1. Just one of the numbered conditions (1) part of a helix (DSSP H, G or I); (2) among the small types (G, A, S); (3) at pLDDT 85 or above is not true of A501; which one?
2. Quick check: anything in region 62-79 part of a helix (DSSP H, G or I), touching a residue at least 60 places away in the same chain (Cβ under 8 Å), β-branched (V, I, T) and not assigned by TED's automatic domain parsing to the domain that holds K176?
3. Is there a residue being assigned to a loop (DSSP other than H, G, I, E, B), modelled with pLDDT of 85 or more and at negative phi anywhere in region 462-477?
4. Report the residue count in region 134-168 for those that are touching a residue at least 40 places away in the same chain (Cβ under 8 Å), in contact with a Lys or Arg (Cβ under 9 Å, 6 or more places away or on another chain) and within 24 Å of A119 (Cβ to Cβ).
5. Suppose we keep only residues that are of a type in the set (A, V, I, L, M, F, W, C) and in contact with a Phe, Trp or Tyr (Cβ under 6 Å, 6 or more places away or on another chain) within region 295-348. Which one would you say is modelled with the lowest pLDDT?
6. For region 529-553, give me each residue that is loosely packed, with under 12 Cβ neighbours inside 10 Å, in contact (Cβ under 8 Å) with a residue 60 or more places away in the chain and assigned to a loop (DSSP other than H, G, I, E, B).
7. Report yes if some residue within region 43-54 is over 20 Å from R298 (Cα atoms) and surrounded by fewer than 19 Cβ atoms within 10 Å (Cβ to Cβ); otherwise report no.
8. Against the definition (among the aromatic types (F, W, Y) and either more than 26 Å from S247 (Cα to Cα) or at pLDDT below 85 (or both)), how does F65 come out, yes or no?
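The values are calculated or read from the model by the stated rules, or taken from the named source; none is laboratory data. These numbers were taken from a predicted model, which means no experiment stands behind them. Methodologically, a virtual Cβ is constructed for each residue, glycine included, from the backbone with ideal geometry; neighbour enumeration extends over all protein chains shown.
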Amino acid sequence: MSLPPAFLDELRSRLSLAQVVGRKVMWDARKTNQGKGDFWAPCPFHQEKSASFHVDDRKGYYYCFGCHAKGDAISFVRETENVGFGEAVEILAREVGMPIPERDPQMQERMDERTRLAAIMEQAVQFFRLQLKTQAAAEARDYLKRRGLSEAAQERWEIGFAPAGWQALGDAMRAKGVTDADLLAVGLTKASDKGRAPYDTFRNRIMFPIRDVRGRATAFGGRAMDPNDGAKYLNSPETVLFDKGRSLFNHARAREAAGKNQPLIVAEGYMDVIALSEAGFTAAVAPLGTAVTEDQIRLMWRMAPEPIIALDGDTAGIRAAMRVIDIALPMLEAGQSLRFAILPEGQDPDDLIRAKGRAAMQGVLDGAQPMVRLLWRRETEGRDYDSPERRATLDRTLREKVRLIRDPSIRNHYVEEINNLRRELFGQGRGQGGGTWRGPRKPPSPAVLTTTRGSALASQAMDTDRLREAVILATLVANPEAIDDFASEIERLDCIDRDHAALREALLRLHAPDMRAAISQEMGPEVLEKLFAQNHVAITPAVRRPGNREVTNLCLAEEFAKLSAHRALVRERAEAELDFGDLADEGLTWRLGQATQAVNRADRGDTEDRAEYLVGNNGAHMNKDEKSAFDQLLGQIDYSKGRHRQRH
């Protein structure tokens, strides 16, 4: 949709983003300051209890500190209403009474076509509903009754029946003025290859309407009543209204329920979703006649950060779960994953709930496994690793799968978890059949113990990051005028300490000249007392002598750069472990640790003096790997320092 930039700017200026967002969220009264246009709420894009979703009504911009969703009023409507750019603009323009400039005639024609076809689908819903009440549908009603669906439940889900005749629906719709071309366009009829009139797509089937996130009927699913029918379940073909790979059954209702902290459950079919919902698990969805797609996973993550894939406990269900893993691995992000609940063999959610009740289903959901466990199960179950060659094959396969994960932090945690699972499978240092699991190694440095290498470095990395976080936050508390200069860096600061994360949010939210007093009033004085009592914080120049803008900016630029570089170093080490596995060179690991320690031993004074001291005193003792890591850190510090000098 092509619209003049001036129109879009005027539209945004007339809108109150707080009013647009306020239709979807409940503002946090404690954190919100309406007078300053500062609004906070639980995020509508992911499941949470804290108010981490921020709206700056004056700037017309929103940002979530949890899932990092961001944008303006148009993008908010697009994401929450699942509409395109043009429809989002139309919705907002109507609200403020702005006429939309003349548009592309072809775009308008397509939108009009979708509106007309959606109305036809609603007529079909009503036709099928009426047919379920006829004598011809007696067997279908008996079937629904046996499945435990009351008449009230059938009404809620708008379940209908397609008669057995070849043209029952087509004749009824044509009598209302619907053309054959439109019936074909929405997939309600099919063209005959024998030169005859189009015939009904669905015949002698129980019908389930499929609605999009806005509640519009876009397709149907039909369950065959004839056991000899070639397809037990049949979905509408893809049309201008329906893209099965980007649709979910029960999407709209599930999104609303997930927003109320119901767990999002992904089942296989319509009856499973209906059974789950009727049993109280109202945030349930299902893919539509296809394996779960990337787009469907993204739709799920918009509703909940950790959907539960609840698949049948048969071979096909397990196989489907395994396919989901390969699709999801490259898409994983912090706070965004999947869990898997495998049902008892031969049962689906509908079977289990009817046989043993809601509590049994809840027990299965409570036992849902993280994705890494199912990945491990897939690669190891039913296999024997009684030789070095077979164990090496497992290592290679797992490395290939873990490399699919794009997020370095998650990839690192997968490596750690898989190493733990390997130790459980093969024992501490011994494999099956008496063979050695870890091959011959070089003697490690005396400073490194083989069994504690990973945990020691991980602990050291966390302590280093926590130290830098503390210095950054204390500097900002003591010098609140620097918050605006470093707003983007603060927003991206991923704190590993819970108190630090709360302080970061407070710094971004509060606008007070006396930040210590404001934070103490909101969070209690002990939080800041604990922060400033740390030795490495107390000796920071910008904390000891607040008010010096240049010293403050240099200090913050240095700490942000070193924190970023240190985390990059940790990520590189994780990637090296992917390549070398448990056969990694212990000496290299020790030297990388030493390079990091060399940087951390630096006193907190002038950046250039410290750099000169470190290079002069430590450089001579560094090997190539240490020096490379060390130079990378200093390079990032110099770059950030120069950037901030240019800014000020």
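1. The one condition A501 does not meet is (3).
2. Start the filter on region 62-79 by keeping residues that are part of a helix (DSSP H, G or I), which leaves 73-79.
Checking which are touching a residue at least 60 places away in the same chain (Cβ under 8 Å) leaves us with 73-74, 79.
From what is left, the residues that are β-branched (V, I, T) are 74.
Next, only the ones that are not assigned by TED's automatic domain parsing to the domain that holds K176 stay: 74.
Yes - at least one qualifying residue is present in region 62-79.
3. Applying the first criterion (assigned to a loop (DSSP other than H, G, I, E, B)) to region 462-477 yields none.
Within region 462-477, none of the residues are assigned to a loop (DSSP other than H, G, I, E, B), modelled with pLDDT of 85 or more and at negative phi.
4. As a first pass, look at region 134-168 and keep what is touching a residue at least 40 places away in the same chain (Cβ under 8 Å): 139-140, 143-144, 147-149, 153, 157-164.
Filter once more, so that each one left must be in contact with a Lys or Arg (Cβ under 9 Å, 6 or more places away or on another chain): 140, 143, 147-148, 158-164.
If we keep only those that are within 24 Å of A119 (Cβ to Cβ) too, we end up with 158-163.
Number of matching residues: 6.
5. Here is the first cut: in region 295-348, the residues of a type in the set (A, V, I, L, M, F, W, C) are 297, 299-301, 303-304, 308-311, 316, 318, 320-322, 324-325, 327-329, 331-332, 334, 338, 340-343.
So of that shortlist, the ones also in contact with a Phe, Trp or Tyr (Cβ under 6 Å, 6 or more places away or on another chain) come out as 309, 321.
Values: I309: 95, A321: 85.
Ranking the qualifying residues of region 295-348, first place goes to A321.
6. Within region 529-553, G547 is the sole residue that qualifies.
7. Keep residues of region 43-54 that are over 20 Å from R298 (Cα atoms), which gives 49-52, 54.
Within this subset, residues satisfying the condition of being surrounded by fewer than 19 Cβ atoms within 10 Å (Cβ to Cβ) are 49-50.
Checked against the condition, which is being over 20 Å from R298 (Cα atoms) and surrounded by fewer than 19 Cβ atoms within 10 Å (Cβ to Cβ), region 43-54 yields at least one hit.
8. Details: among the aromatic types (F, W, Y): yes; either more than 26 Å from S247 (Cα to Cα) or at pLDDT below 85 (or both): yes.
So F65 passes the test.
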